[in-house]
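The values are calculated or read from the model by the stated rules, or taken from the named source; none is laboratory data. Just so it is clear, the model here is predicted, and its values are computed rather than measured. Here the Cβ positions follow ideal geometry from the backbone for every residue, glycine too, while neighbour counts run over all protein chains shown.
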Amino acid sequence: MSYMKHIIACNRHNLATFKPFEVDGATIGHVRPALAAEMTKYPEIFVVSERSLTFTDTLTGFERRSAAMARVLADLVKSGLLPPERGEFYPVAAAISEEPFFQLDRGAISAFGIRAFGVHVNGFIRHDNGTIEMWIARRARDRMAYPNMLDNMVAGGQPIGLGLKENVIKECAEEADIPATLAAQARPTGAISYTYEAADGLKPDIMFCYDLALPEDFVPRNTDGEVAAFYRLSIGEVAKIVESSLEFKFNCNLVIIDFLIRHGFLSPEHPDYLKLIQGLHQ
């Protein structure tokens with residue numbers, strides 16, 4: 001493995017095998033032809049052409065579109081074409097700062113190729129001598145996605161109706177029992193984007209990254225059952241795991257690579273330095 005291979009893997013996709021999903025002239029997703037064909041069963045909701053999938057002209061507004069998608073999703077789940085609904089809704093918008101066209105259950109986001117947003121928190125300890133340790137999570141064995149893999153200390157999808165910083169504080173409390181006063185000190189450091197083709201569809205996602213400097217005596221404790229264990233590792237140990245293995249959940253590798261660059265552990269002398277920086281923003 002290498003750092004660059006993680007970036008290449010996270011951006012492996014072929015849009016030619018998908019049909020654009022367009023709303024009000026904006027491409028907000030991509031669906032595989034088989035799913036697009038299923039949408040022809042709903043002529044009152046969708047227009048399925050050779051080029052794209054769109055809503056009918058009469059289906060307008062957030063509430064009506066959300067209700068229509070909920071109905072379609074329920075049918076797809078009932079027929080076994082999609083996994084069970086998660087009960088958590090994501091905004092479907094051209095950009096996170098814009099009003100959403102509709103909301104969609106998290107479980108169907110990839111199937112419709114919708115861009116999901118998320119927050120990832122690097123929890124670290126900086127010692128007086130300049131060395132850094134990171135808290136790393138191991139996902140629970142019963143997680144629906146990527147069970148037992150390593151993860152950032154705190155990470156979560158961005159649900160509708162919640163601000164980014166609010167979500168950081170919520171996820172910090174749920175996943176690592178971090179007090180709100182400490183979690184509020186998480187510093188936004190930028191965003192990472194990638195487009196990953198998975199078995200269940202397309203993930204053209206954006207991760208908002210945060211650094212949270214932790215007291216040396218702080219020990220994270222999971223409260224929602226999603227984390228099996230936490231490990232406190234030197235930055236060198238974390239870097240080695242990323243560079244030489246597939247132990248981390250695929251997109252978490254990118255978050256750590258970004259941290260290594262920003263904190264000078266990956267320097268301009270690295271042969272892939274510029275490729276790595278460019279690769280984190282695709």
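Which ones in segment 99-115 are closer than 11 Å to P204 by Cα and of a type in the set (K, R)?
Initial filter on segment 99-115 (closer than 11 Å to P204 by Cα): 109-110, 112-115.
Within segment 99-115, just R115 meets the criteria.
Please go through (1) assigned by TED's automatic domain parsing to the domain that holds I261; (2) in contact with an Asp or Glu (Cβ under 7 Å, 6 or more places away or on another chain) for S52 and return the number of the only condition it doesn't satisfy.
That leaves (1) as the condition not met.
Would you please list the contacts, defined by Cβ atoms under 7 Å and residues six or more apart or on different chains, that run from a residue in segment 262-282 that is closer than 14 Å to A191 by Cα to a residue that is among the small types (G, A, S) and surrounded by 12 or more Cβ atoms within 10 Å (Cβ to Cβ)?
Filtered contacts from segment 262-282: H281/S193; Q282/S193.
If the requirement is being touching a Ser or Thr at 6+ places or on another chain (Cβ under 6 Å) and outside any strand (DSSP E or B), which of these qualifies: M69, M1?
Numbers: M69 fails: touching a Ser or Thr at 6+ places or on another chain (Cβ under 6 Å).
The match here is M1.
Only residues in segment 167-184 that are more than 17 Å from F208 (Cα to Cα) count as the first member; pair them with residues that are in a helix (DSSP H, G or I), Cβ under 6 angstrom, at least 6 apart or cross-chain, and list the lot.
That search, which allows pairs on different chains as well, returns I178/C172; A180/I169.
Could you figure out which of (1) of a type outside the set (D, E); (2) within 18 Å of A108 (Cα to Cα); (3) touching a Phe, Trp or Tyr at 6+ places or on another chain (Cβ under 7 Å) isn't true of P91?
Here P91 clears every test but (3).
Return a yes/no flag: does segment 86-97 have any residue that is farther than 22 Å from M144 by Cβ, touching a strand residue (DSSP E or B) at 6+ places or on another chain (Cβ under 6 Å), surrounded by fewer than 16 Cβ atoms within 10 Å (Cβ to Cβ) and at pLDDT below 95.
Checking segment 86-97: at least one residue is farther than 22 Å from M144 by Cβ, touching a strand residue (DSSP E or B) at 6+ places or on another chain (Cβ under 6 Å), surrounded by fewer than 16 Cβ atoms within 10 Å (Cβ to Cβ) and at pLDDT below 95.
Have a look at I28, I45, I7 and point out the one that is assigned by TED's automatic domain parsing to the domain that holds I261 and either out of contact with any strand residue (DSSP E or B) (no Cβ under 7 Å at 6 or more places or on another chain) or surrounded by 11 or more Cβ atoms within 10 Å (Cβ to Cβ) (or both). Please lay out each step first, then the result.
Details: I28 fails: assigned by TED's automatic domain parsing to the domain that holds I261; I45 fails: assigned by TED's automatic domain parsing to the domain that holds I261.
Answer to the selection: I7.
Among the listed residues K165, K203, K170, which satisfies the condition of being over 22 Å from A111 (Cα atoms), of a type in the set (K, R) and surrounded by 17 or more Cβ atoms within 10 Å (Cβ to Cβ)?
None of the others qualify; the one that does is K170.
Do we find a residue being modelled with pLDDT under 95 and part of a loop (DSSP other than H, G, I, E, B) anywhere in segment 25-34?
Taking every residue of segment 25-34 in turn, at least one turns out to be modelled with pLDDT under 95 and part of a loop (DSSP other than H, G, I, E, B).
How many of the residues making up segment 125-151 are surrounded by 20 or more Cβ atoms within 10 Å (Cβ to Cβ) and either aromatic (F, W, Y) or under 30 Å from M69 (Cβ atoms) (or both)?
Total meeting the criteria: 3.
Please name all residue pairs, on different chains or six or more residues apart, with Cβ atoms under 8 Å, provided the first residue is in segment 237-254 and is under 14 Å from I206 (Cα atoms) and the second residue is polar (S, T, N, Q) and at pLDDT 95 or above.
Correct list of pairs: C252/N152.
Specify the residue that is nearest to the chain's Cα centre (by Cα); the eligible residues are those in segment 173-184 that are surrounded by fewer than 16 Cβ atoms within 10 Å (Cβ to Cβ) and not aliphatic (A, V, I, L, M).
D177
Of the residues in segment 35-66, how many are within 20 Å of L82 (Cα to Cα), in a helix (DSSP H, G or I) and not acidic (D, E)?
Going through segment 35-66 one residue at a time, the tally reaches 6.
Can you tell me which residue is nearest to A26 (Cα to Cα) among those in segment 75-114 that are free of Cβ contacts under 8 Å to residues at least 40 places away in the same chain and polar (S, T, N, Q)?
S97
Pairs only if they're at least six apart or on different chains, beta carbon under 6 angstrom, first in segment 31-59 and more than 15 Å from L73 (Cβ to Cβ), second of a type in the set (S, T, Y); list them, first residue then second.
V47/T54; V47/T56; V48/T40
Would you mind listing the strands (runs of 3 or more DSSP E) fully within segment 91-196 where at least 2 residues are under 30 Å from E237 (Cα atoms) and touching a His at 6+ places or on another chain (Cβ under 8 Å)?
On the way: elements: 102-105, 117-126, 132-139, 150-152, 154-157, 187-193.
Output list reads 132-139, 154-157, 187-193.
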